[in-house]
Amino acid sequence: MKVVYIHSSYRPNDLIGNWFEETKKYCKSTGGDAYFVIKFTHKEIQPNDIVVGGSVSCGIHARMFHYLGLQDMFSYLATRKLLKQLDEIKPDIIHCHVINDCFLHMELFTDYVNKRNINVVWTFHDARVLTGRCPNPGYEDCLQWKNECKCCPEGKRFLGPEHEIINLSHWVHRYRKHTIGRIKHLTIVTPSKWMARLVSESYLKQNHCIVINNGINHKVFRKLQGIDVRKKYKIASDKKILLSVGNPIWELKGEEFLYRLAKELANNQYTMVIVGCRHCNIEKYKPFKHVLTFPLIDRDELVAFYNTADLFINPTLADNFPTVNLEAQACGCPVVAFDSDGTPETIDPKCGKVVPRKNYEALKHAILNFNYDGAREAAISFASQFDQQKCIEQYIKLYKELL
């Protein structure tokens, strides 16, 4: 079996990187191999990565997006070169991840896989495949994508053109229907039931779609004995620790709600720890002595915070399947979060709390009145079912079924 991953970036230790490494091991055990295709980058890449394009082709493609909202219809020569490389590999399966990112010509790609009858597995990490641009139309309260994108709502855009002269996202939506909508052997995988529902209401609703939840590494994220960061950061033992983690924490991740909590929660009862705080926001938290902010910490210290914190607060306003909630619960930290997209699927309903999205008072009330009895044990039990290895095994099972 030969499998080709296509994704805009690749890091060995991230979620997709781990999937790829395990897939590669399996493929080699069958006499095949696995290959990783990435978008051109100036950063260091892995030795065997296949790179699409260069600074010129990706630069032109990116500018067409940032000024006109157009993508997927450029990088013609770069894509032709990639397809010649794929002809040498002769893949049985192409596993797409985030490929609508200004580096691939979708019509060439579609024609190629159809002509060679290649099975395509496509994991939807967000909804941009289904729309003319946006990764989460629910955040923008937009339903146009169900039929045809016409104009994007003003004022609530994210991942949009930076220097927009004119918005041509309706062209992109039509183009994606014409190209992606024509892929003959396409199996869609969604990490959440929420995303699967979006697929069922889109132009891809006729395609086979299955849910494979993203998992976490339970060898890393687990309950540890004797782990407590209170002494290191001088946090009193009688204070509840409220932890929030993002990469980074910004508007979409509910930064304004965390700031309101910092202002309003009693500093003699709570200590807030915010990991992934942007440098531009660190200064505004300095007046609050009960708030600790970190732009970045290493994984071991993150696990220590998960183990020590009393409650994990996740006010994200848009998320497909936030595994950060599972990481916290695997370490025994229950979660309070907004009812955003696939978030409820990642929280134990027996002990965690999900409140209406953007309802700050409900969020605050849930924190102040949280029932901690048995919560840690229930959280660990719930998170145990979301194992990264199980996720990988489900993908390999899918590959076998397609051949």
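The values are calculated or read from the model by the stated rules, or taken from the named source; none is laboratory data. Given the structure is predicted, the values throughout are model-derived calculations rather than measurements. Note: ideal-geometry Cβ built from the backbone for every residue, glycine included; neighbour counts use all protein chains shown. Ligands, DNA and RNA are excluded from the accessible area calculation, which covers all protein heavy atoms including side chains. Shrake-Rupley method; radii C 1.70, N 1.55, O 1.52, S 1.80 Å.
Just a few scattered comments:
- Set Pro315, Pro295: member being under 26 Å from Cys280 (Cβ atoms) and touching an Asp or Glu at 6+ places or on another chain (Cβ under 9 Å): Pro315
- Count of the stretch 208-250 residues which are in contact (Cβ under 8 Å) with a residue 24 or more places away in the chain and of a type outside the set (A, V, I, L, M): 18
- Residues in the stretch 357-391 that are in contact with a helix residue (DSSP H, G or I) (Cβ under 6 Å, 6 or more places away or on another chain) and either at pLDDT below 95 or not in a helix (DSSP H, G or I) (or both): Phe386 only.
- Failed condition for Phe103, given (1) surrounded by fewer than 22 Cβ atoms within 10 Å (Cβ to Cβ); (2) in contact with a Cys (Cβ under 7 Å, 6 or more places away or on another chain); (3) not hydroxyl-bearing (Ser, Thr, Tyr): (1)
- Within the stretch 8-34, being touching an Asp or Glu at 6+ places or on another chain (Cβ under 9 Å) and acidic (Asp, Glu) holds for one residue alone: Glu22.
- The residue that is farthest from Asn119 (Cα to Cα), among those in the stretch 187-216 that are assigned to a helix (DSSP H, G or I) and within 14 Å of the chain's Cα centre (by Cα), is Trp194.
- Looking only at the stretch 367-403, and only at residues there that are over 17 Å from Pro191 (Cβ atoms), of a type in the set (A, V, I, L, M) and touching a Leu at 6+ places or on another chain (Cβ under 9 Å), the one that is surrounded by the most Cβ atoms within 10 Å (Cβ to Cβ): Ala375
- Residue satisfying condition, being part of a loop (DSSP other than H, G, I, E, B) and open to solvent by 20 Å² or more (accessible area, probe 1.4 Å), within set Glu21, Glu44: Glu44
- Candidates in the stretch 309-331 are the residues that are touching a Leu at 6+ places or on another chain (Cβ under 9 Å) and part of a strand (DSSP E or B); of these, the one that is farthest from Ala375 (Cα to Cα) is Ile313.
- Answer residue from the stretch 102-147, given it is acidic (Asp, Glu) and over 25 Å from the mean Cα position of the chain (by Cα) and is nearest to Val4 (Cα to Cα) among those: Asp111
- Some residue of the stretch 75-96 being within 21 Å of Leu130 (Cα to Cα), of a type in the set (Val, Ile, Thr), assigned to a helix (DSSP H, G or I) and touching a residue at least 12 places away in the same chain (Cβ under 8 Å): no
- Long-range neighbours under 8 Å by Cβ, at least six apart or interchain, first residue open to solvent by 10 Å² or more (accessible area, probe 1.4 Å) within the stretch 326-344, second basic (Lys, Arg) and assigned to a loop (DSSP other than H, G, I, E, B): Asp339/Arg357
- Of all residues in the stretch 256-299, those that are at pLDDT 95 or above, more than 27 Å from Pro344 (Cβ to Cβ) and acidic (Asp, Glu) total 0.
- Cβ separations smaller than 9 Å between residues 6+ apart or across chains give the following pairs from the stretch 269-282 residues that are under 21 Å from Glu327 (Cα atoms) to residues that are of a type in the set (Lys, Arg) and open to solvent by 10 Å² or more (accessible area, probe 1.4 Å): Thr271/Arg230; Thr271/Lys239; Thr271/Lys240; Gly276/Lys253.
- Here Ser169 passes the criteria (1) among the hydroxyl-bearing types (Ser, Thr, Tyr); (2) open to solvent by 20 Å² or more (accessible area, probe 1.4 Å); (3) modelled with pLDDT under 95 except the one numbered (2).
- Residue count for the stretch 121-166, restricted to those that are open to solvent by 50 Å² or more (accessible area, probe 1.4 Å), of a type in the set (D, E, K, R) and either in a loop (DSSP other than H, G, I, E, B) or modelled with pLDDT under 85 (or both): 8.
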